[in-house]
1. Which residue, of 69, 61, is in contact (Cβ under 8 Å) with a residue 12 or more places away in the chain and within 10 Å of the chain's Cα centre (by Cα)?
2. Residue 55 is checked against (1) part of a helix (DSSP H, G or I); (2) at pLDDT 60 or above; (3) surrounded by 15 or more Cβ atoms within 10 Å (Cβ to Cβ) and fails just one. What number does that condition carry?
3. Evaluate the stretch 79-86: report whether one residue or more is at pLDDT 75 or above, crowded, with 17+ Cβ neighbours inside 10 Å and under 11 Å from the mean Cα position of the chain (by Cα).
4. Taking the stated definitions as given, is residue 39 modelled with pLDDT under 90 and among the hydroxyl-bearing types (Ser, Thr, Tyr)?
5. For residues that are under 9 Å from the mean Cα position of the chain (by Cα) and among the hydrophobic types (A, V, I, L, M, F, W, C), scanning just the stretch 87-106, find the one that is modelled with the highest pLDDT.
Amino acid sequence: MWSAFYLYYLYLMSRNAESVPFSGGGVNEIAPSIQAKLSSYQIRWLNKQCDELKYKKGKVLAKVFDEWLVRHSDEIIQAGNFDDLVGAALDEFINRHRNEFLPVDH
């Protein structure tokens, strides 16, 4: 549980610094620890949206998590691993906004 609190703190600090908290080495990369937790479908969805619409992956994930956090901030306390929350946030985002983005086959 401490890990989730610490990573959430780092996330908040990076958001205040206007950096990209989910990127691995640049705004168009995903941190390896987060990418390892995403399903192949989530990665394909993210790649398609970013490639076709010219979005940066790290920035998309930050927006996805910001939206998720508004409804699920209490789950940070229960989380054992912050990276797992990003996958849950992306699943919810894809489902909530499926008509607003390019389709990707499962």
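1. Unique residue meeting the criteria: 61.
2. Of the numbered conditions (1) part of a helix (DSSP H, G or I); (2) at pLDDT 60 or above; (3) surrounded by 15 or more Cβ atoms within 10 Å (Cβ to Cβ), the odd one out for residue 55 is (1).
3. Among the residues of the stretch 79-86, at least one is at pLDDT 75 or above, crowded, with 17+ Cβ neighbours inside 10 Å and under 11 Å from the mean Cα position of the chain (by Cα), which makes the answer yes.
4. Taking the combined requirement at face value, the residue does not satisfy it.
5. The first filter runs over the stretch 87-106 and keeps only residues under 9 Å from the mean Cα position of the chain (by Cα), leaving 87-90.
Of the ones still in play, those that are also among the hydrophobic types (A, V, I, L, M, F, W, C) are 88-90.
Working: 88: 88, 89: 91, 90: 94.
Among residues in the stretch 87-106 that are under 9 Å from the mean Cα position of the chain (by Cα) and among the hydrophobic types (A, V, I, L, M, F, W, C), the one modelled with the highest pLDDT is 90.
The values are calculated or read from the model by the stated rules, or taken from the named source; none is laboratory data. Keep in mind that this is a model prediction, so the values were computed, not measured. Cβ sites come from the backbone with ideal geometry, for glycine too, and all protein chains shown count toward neighbours.
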